[in-house]
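Read the structure below first, then the notes.
The values are calculated or read from the model by the stated rules, or taken from the named source; none is laboratory data. The shown structure was predicted, so the numbers you read here are calculated from the model rather than taken from an experiment. Positions of Cβ are generated from backbone atoms using ideal geometry, with glycine treated the same way; all protein chains shown enter the neighbour counts.
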Amino acid sequence: MDLIQTVGENEEGPLYKFYEAIVDHGGDFIDHINRLTDVTLFVPSNEAWNNPEVRNALSNKQRFREILNLHVVPQRITTTKIKSDSVHKIFQVPTLAGRRFLYFNAMTNDNDNVTVTVEGGGVNATLEIPDIAVTNGFVHIIDHVLGVPYATVQEKLATDPMLNATNLLGSRGFNAQLNDTQRRFTYFVPRDYAWNRLQIDYPSLHKKLFMRDFAYHARNVLERHLVIADRAFTMAELKKKNETIILPTQRDSLKIRVKEEDKGYYIYWNQMWIHVFRPDVECTNGIIHVIDRPLLEEADVTVGGTSTATMPTSTISSAVPIMTTLVFALIARMCFM
């Protein structure tokens with residue numbers, strides 16, 4: 001049995017609304033999928049199509065085709081592979097939707113039951129019925145339509161498994177504003193990996209930044225990452241500028257350049273190129289861009305006017321001469337005591 005026949009074989013089945021949507025609005029999507037020799041399709045259940053935002057998306061044929069493509073992986077993906085490749089990392093695979101990926105997470109509860117989730121286009125979905133084998137691949141039934149956001153920036157930050165540290169850092173009064181649906185946010189969010197790197201390279205700075213006594217400094221750092229304007233910006237829109245961009249943030253402004261390289265985006269800030277690990281995570285009131293390094297400066301965390309750590313300008317090694325200067329200054333001070 002081929003993939004599309006499996007989806008649309010039963011009008012009373014759990015996938016029939018998806019079949020109806022692709023027949024009515026999907027153009028040549030069916031033919032394209034049937035021509036693939038290896039494919040995995042993540043099919044939203046009938047209940048997932050009751051979301052008003054999803055029904056609105058059906059009226060825009062181009063957008064709906066992009067949404068459909070986000071549900072298609074041109075390789076065979078089983079939950080066994082997801083579980084094995086999700087150990088101590090986020091497993092990601094490319095889709096038919098251009099540069100957009102799906103990100104998987106496998107969570108085990110106290111009873112050793114494993115729940116597999118998938119994120120695409122800012123939407124987290126749970127695999128309700130996995131591993132339905134068909135002639136040319138697999139079908140997984142999920143509980144949300146990917147690519148049609150239903151969470152605010154704050155809700156997304158609180159539920160995304162790779163953004164825990166930034167969510168924690170903003171939990172003392174910063175995150176609440178991200179629920180405001182009257183504003184539009186573009187939020188450059190360091191993923192947990194970025195904060196872990198900071199902890200290894202600059203343990204003292206990392207420790208202080210996450211201490212309650214330094215909540216003011218943490219807020220200042222996060223304000224640099226948060227762009228507030230009359231609209232949110234995708235990475236493609238920022239890339240079109242082909243020049244330095246000045247974006248309005250809560251902390252003055254953010255001055256960056258954007259380049260596209262190796263099918264990914266990078267932002268240039270403070271003499272560093274920073275990889276955008278996950279671009280364009282859509283939310284109901286903005287867009288999150290997940291980055292591989294926090295936007296930190298040397299003076300961000302201070303005590304009594306003295307810097308607690310020295311941040312690099314272009315590379316970590318640039319901290320060496322500065323630290324050497326501090327050592328000599330300390331020796332000189334001791335000699336006069």
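What strands (runs of 3 or more DSSP E) completely inside region 86-190 contain at least 3 residues that are out of contact with any Asp or Glu (no Cβ under 6 Å at 6 or more places or on another chain) and closer than 30 Å to residue 209 by Cα? Step through it out loud before you land on a result.
On the way: elements: 91-94, 101-108, 114-120, 123-134, 137-142, 184-190.
Counting at least 3 such residues, we get 101-108, 184-190.
Give all pairs with beta carbons closer than 7 Å in which a residue from region 259-278 that is assigned by the TED database to the domain that holds residue 160 and at positive phi meets a residue that is at pLDDT below 95 and of a type in the set (Val, Ile, Thr); count only pairs at least 6 apart in sequence or on separate chains.
270/313; 271/313
So which residues in region 1-26 are modelled with pLDDT under 70 and either within 14 Å of residue 69 (Cβ to Cβ) or among the aliphatic types (A, V, I, L, M) (or both), if there are any at all?
Taking region 1-26 and keeping what is modelled with pLDDT under 70, we get 1-12, 26.
Result: 1, 3, 4, 7, 26.
Identify all residues within region 87-112 that are over 22 Å from residue 64 (Cβ atoms) and out of contact with any strand residue (DSSP E or B) (no Cβ under 9 Å at 6 or more places or on another chain); write none if there are none.
Across region 87-112, the qualifying residues are 88, 89, 110, 111, 112.
Give the residue, chosen from 127, 157, that is in contact (Cβ under 8 Å) with a residue 24 or more places away in the chain, under 28 Å from residue 269 (Cα atoms) and not hydroxyl-bearing (Ser, Thr, Tyr). Please lay out each step first, then the result.
Numbers: 127 fails: under 28 Å from residue 269 (Cα atoms).
Selected residue: 157, the only one of 127, 157 that is in contact (Cβ under 8 Å) with a residue 24 or more places away in the chain, under 28 Å from residue 269 (Cα atoms) and not hydroxyl-bearing (Ser, Thr, Tyr).
Under 30 Å from residue 70 (Cβ atoms) and at pLDDT 90 or above: is that true of residue 235 in this structure? I'd like the intermediate steps shown before the answer.
Values: under 30 Å from residue 70 (Cβ atoms): yes; at pLDDT 90 or above: yes.
It is true that residue 235 is under 30 Å from residue 70 (Cβ atoms) and at pLDDT 90 or above.
Evaluate the following for residue 76: is it surrounded by fewer than 16 Cβ atoms within 10 Å (Cβ to Cβ), among the basic types (Lys, Arg) and under 28 Å from residue 106 (Cα atoms)? Working first, answer last.
Details: surrounded by fewer than 16 Cβ atoms within 10 Å (Cβ to Cβ): yes; among the basic types (Lys, Arg): yes; under 28 Å from residue 106 (Cα atoms): yes.
Yes.
Does at least one position in region 54-74 carry a residue that is touching a Pro at 6+ places or on another chain (Cβ under 8 Å), assigned to a loop (DSSP other than H, G, I, E, B) and of a type in the set (Ser, Thr, Tyr)?
Checked region 54-74: no residue is touching a Pro at 6+ places or on another chain (Cβ under 8 Å), assigned to a loop (DSSP other than H, G, I, E, B) and of a type in the set (Ser, Thr, Tyr).
Can you pull out every residue in region 213-240 that is farther than 17 Å from residue 297 by Cα, touching a strand residue (DSSP E or B) at 6+ places or on another chain (Cβ under 7 Å) and of a type in the set (D, E, K, R)?
Passing the criteria: 230, 231, 239.
How many residues are out of contact with any helix residue (DSSP H, G or I) (no Cβ under 7 Å at 6 or more places or on another chain) and over 25 Å from residue 63 (Cα atoms) if we restrict to region 149-172?
Residues that pass the stated criteria total 4.
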